[in-house]
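S.K.: Pasting a structure here, questions to come.
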Amino acid sequence: MLPREKRLRKNAEFDTVYKSGRYFSERFLTLYVLKNGAENIRCGFSISKKVSKKATVRNKIKRQLSHIFREELSLINVNGFDLIFVARKSMIDIEFFEIKKSVCSLLKRANFYLK
């Protein structure tokens with residue numbers, strides 16, 4: 001699990017990022033990005049019931065995304081951003097390495113990696 005200071009937790013924080021942020025889409029995921037002016041980067045995950053009606057499936061996807069983001073956090077070179085990863089319905093049929101490839105691709109497109 002991500003440390004508390006690195007997570008988006010309130011609905012108002014999610015709504016702000018959705019309304020004011022930029023987004024990048026891929027086949028399995030959408031990434032919303034908004035500059036927050038804070039010292040650290042914060043991340044949230046959104047997996048709706050449209051993806052799966054089963055909470056166990058949604059929680060598994062959330063755990064996988066959180067694990068991948070924790071691994072990639074050391075490679076991210078910017079601070080002061082809020083990120084939200086939104087899962088799409090097609091995500092329940094893919095393997096872990098494909099999810100990781102998708103997350104890395106979105107972070108690369110958003111220019112978050114070290115050059």
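Values in this text are rule-based calculations from the coordinates and carry no lab data. Since the structure is predicted, the reported quantities are computational estimates derived from the model, not experimental observations. With ideal geometry, Cβ positions are generated from the backbone for all residues, glycine too; neighbour counts draw on all protein chains shown.
S.K.: Consider V78 against the criteria (1) under 25 Å from K19 (Cβ atoms); (2) assigned to a helix (DSSP H, G or I): it satisfies all of them except one. Which criterion is unmet?
M.R.: (2)
S.K.: For the stretch 81-115, give me each residue that is surrounded by 12 or more Cβ atoms within 10 Å (Cβ to Cβ) and not in a helix (DSSP H, G or I).
M.R.: F81, D82, L83, I84, F85, V86, A87, R88, I94, A110, F112, Y113
S.K.: Tally up the residues in the stretch 60-115 that are of a type in the set (K, R) and closer than 19 Å to A38 by Cα, please.
M.R.: Summing the residues that are of a type in the set (K, R) and closer than 19 Å to A38 by Cα in the stretch 60-115 gives 1.
S.K.: Can you report the number of residues in the stretch 1-60 which are touching a helix residue (DSSP H, G or I) at 6+ places or on another chain (Cβ under 8 Å), more than 23 Å from K100 (Cβ to Cβ) and hydrophobic (A, V, I, L, M, F, W, C)?
M.R.: 1
S.K.: Taking the condition buried (at least 17 other Cβ atoms within 10 Å of the Cβ) and either within 11 Å of the chain's Cα centre (by Cα) or without any contact (Cβ under 8 Å) to a residue 40 or more places away in the chain (or both), does L75 pass?
M.R.: Taking the combined requirement at face value, the residue does not satisfy it.
S.K.: When residues of the stretch 86-115 are filtered for being closer than 13 Å to R58 by Cα and of a type outside the set (D, E), how many remain?
M.R.: 7
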